Amino acid sequence: MPEGGGTLKVAALADLHVREDSATSYRDLFAEISKAADVLVIAGDLTDLGKPQEAEVLAADLQACSIPVVAVLGNHDHESGAVEQICEILRKAGVHLLEGQPKEIAGVGFVGVKGFIGGFGRHMLGSFGEPAIKTMVAESVEEAMRLENAMRQVSAKRSVVVLHYSPILETVAGEPLEILPFLGSSRLAETIDRFHVSAVVHGHAHRGTYEGKTPAGAPVYNVAMQVEKPTGRPYALLEI
Ligand SMILES: [Fe+2]
Ligand SMILES: [Fe+2]
């Protein structure tokens, strides 16, 4: 693995949706990635229903991965209210969960949060009206602030931002128009653009588009497994 100066090869994927009765094993994929990259990034929806048993299945598959793994959780990982247990299982399997805590690997800072919904640009949901709407917007703002606090802690010159929800509209294009505001929030991009970042990866939009840019020009990649990528594989390969 390169220290400091060289390029770090980062494999990134999201939306594994591992189930208890999963017929597909990720062992072969993780073994392949370990040969192709220096670090594996998983951008949320690791489990399908947020069950600890699903995290155990993934943890067993991750034994086939011989490179460092960093990850954030997705909305599906929250479904069963067992986030603490899932985090514990994944940490035991050697996964560095970012969730507001940056991790530096070979001179590259990895920083991430799950993010939240809210929409994009001037059509973002505003904090107005019913308390339920204000709570929703507050959650979106809170995630952007968690990201900002984490980004302030990164001292490395090169950094990768890992999100589950999208920070831009471009990489969710392809999804039904009706659900676009539920796929991410520009508040995340506003935060990202206050820093210099090498790349941003996210998932969640299974039918989205691979590549885009934040308004200030940071490259954004939708690495959901279901999205077609230049590698022709379920993961993206980025040189950082
Ligand atoms: Fe997903
Ligand atoms: Fe998701």
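The values are calculated or read from the model by the stated rules, or taken from the named source; none is laboratory data. None of these values were measured; they are calculated from a predicted model. So basically every Cβ, Gly included, is an ideal-geometry build from the backbone, and we count neighbours across all protein chains shown. Heavy atoms of the whole protein, side chains included, go into the accessibility calculation; ligands, DNA and RNA do not. Shrake-Rupley method; radii C 1.70, N 1.55, O 1.52, S 1.80 Å.
In a DSSP loop and with at most 16 other Cβ atoms within 10 Å, the trypsin sites (Lys or Arg not before Pro) in segment 131-240 are 157, 194, 207.
Measure up 9/103; 51/92; 157/229; 103/213 against 18 Å on the Cα-Cα distance and list the ones that go over.
Values: 9/103 16 Å; 51/92 16 Å; 157/229 27 Å; 103/213 23 Å.
Those over the limit are 157/229; 103/213.
When the Cα positions of 44, 168, 90 are compared along the charge dipole of the chain, 168 comes out farthest toward the positive end, with charges on each C-beta of Lys, Arg, Asp and Glu.
With n ≥ 4 as the cut-off for DSSP H runs, can you work out [θ] at 222 nm for the chain, using -39500 (n - 2.57) per run divided by the number of residues, rounded to the nearest 500? Walk me through the numbers on the way to the answer.
Numbers: 5 runs with 59 residues, N = 240.
For the chain, the value works out to -7500 deg cm²/dmol.
Taking the 1.4 Å solvent-accessible surface of the chain as the whole, the part contributed by carbon and sulfur is 52%.
The alpha-carbon positions of segment 137-240 define a convex hull whose volume is 88 Å³ per residue. Only aspartates and glutamates eight or more places from residue 134 in sequence, or on another chain, were considered; those with a Cα closer than 13 Å are 142. Volume per residue of the convex hull around the Cα atoms, evaluated for segment 28-83, comes out as 68 Å³.
Each residue was assigned an accessible area with a 1.4 Å probe, and for residue 145 the value is about 100 Å². Ranking 22, 66, 159 by solvent-accessible area of protein heavy atoms (1.4 Å probe, all protein chains present), from largest to smallest, gives 66, 22, 159.
Based on protein heavy atoms only, the chain ends up with 45 Å² per residue of surface accessible to a 1.4 Å probe. Convex hull of alpha carbon positions in the chain: directionally averaged projected area 12.3 nm².
Under a Cβ-Cβ cut-off of 11 Å, what is the net charge of the residues other than residue 214 that fall near it, where Lys and Arg count +1 and Asp and Glu count -1? Before the final figure, lay out the partial values.
Values: positive: 194, 213; negative: 170, 190, 193.
Summing Lys and Arg as +1 and Asp and Glu as -1 gives -1.
Sparsely packed loop sites in segment 51-110 (the trypsin sites (Lys or Arg not before Pro) outside DSSP H, G, I, E and B with at most 14 other Cβ atoms within 10 Å) do not occur.
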